[in-house]
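Trainee: Okay, here's the structure, questions in a sec.
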Amino acid sequence: MTLQEMSRDYREAAEPLRRRLRELRRMLSETEDPEEIWHIRRRIAELTPMLTQVNEMAELTEHYYERGYYRSEKYTL
């Protein structure tokens, strides 16, 4: 598998997370139950870093070999 293929796979993996976060935000705007609000916010808080990391990995693998591409220290040795 090439890094370009990995990048594509990461982008595809991000889509279900994006859809779920949109759905949770919609649910949050429609509910008034404090317990349900707490659970929805908790789930959003868990999924958001996952989506961020998948997006960062897609970006990194897509541009890894480009000269001058800035790599986050988070993913370098």
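Trainee: How much of the accessible area of the chain, probe 1.4 Å, is carbon plus sulfur, in whole percent?
Mentor: 53
Trainee: Which loop chymotrypsin sites (Phe, Trp or Tyr not before Pro) in the chain, with loop taken from DSSP, have no more than 15 other Cβ atoms within 10 angstrom of their Cβ?
Mentor: Those satisfying the criteria are TYR64, TYR65, TYR69, TYR70.
Trainee: Mind jotting down the distance between the C-alpha centroids of the stretch 10-38 and the stretch 48-75, whole Å?
Mentor: Centre-to-centre (Cα) distance: 24 Å.
Trainee: Relative to the longest principal axis of the C-alpha atoms of the chain, give the angle of the C-alpha long axis of helix 34-63, reported between 0 and 90° and rounded to the nearest 10°.
Mentor: So the helix axis and the longest Cα principal axis differ by about 10 degrees.
Trainee: Also, quick follow-up: Find the relative contact order for the chain and round it to a whole percent, using C-alpha pairs within less than 8 Å whose residues are 6+ positions apart.
Mentor: 48
Trainee: So what's the angle, to the nearest 10 degrees on a 0 to 90 scale, between helix 3-30 and the longest Cα principal axis of the chain?
Mentor: 20
Trainee: Counting heavy atoms of the protein chains only and a 1.4 Å probe, report the per residue accessible area for the chain as a whole number of Å².
Mentor: That works out to 78 Å² per residue.
Trainee: Now for a separate question. TYR69 versus THR52, label points 7 Å from Cα toward the beta carbon: distance in nm?
Mentor: Taking the simple label geometry, TYR69 and THR52 are separated by 2.2 nm.
Trainee: 222 nm [θ] for the chain, helices only, -39500 (n - 2.57) per DSSP H run of 4+, per residue, to 500?
Mentor: Computed ellipticity for the chain at 222 nm equals -27000 deg cm²/dmol.
Trainee: Here's something else I'd like to know. Could you state the per residue volume, in Å³, of the convex hull enclosing the Cα atoms of the chain?
Mentor: 101
The values are calculated or read from the model by the stated rules, or taken from the named source; none is laboratory data. Given the structure is predicted, the values throughout are model-derived calculations rather than measurements. Don't worry about glycine lacking a Cβ; one is built from the backbone with ideal geometry, like all the others, and counts go over all protein chains shown. To get the accessible areas, we keep the full protein, side chains included, count just its heavy atoms, and leave off ligands, DNA and RNA. Shrake-Rupley method; radii C 1.70, N 1.55, O 1.52, S 1.80 Å.
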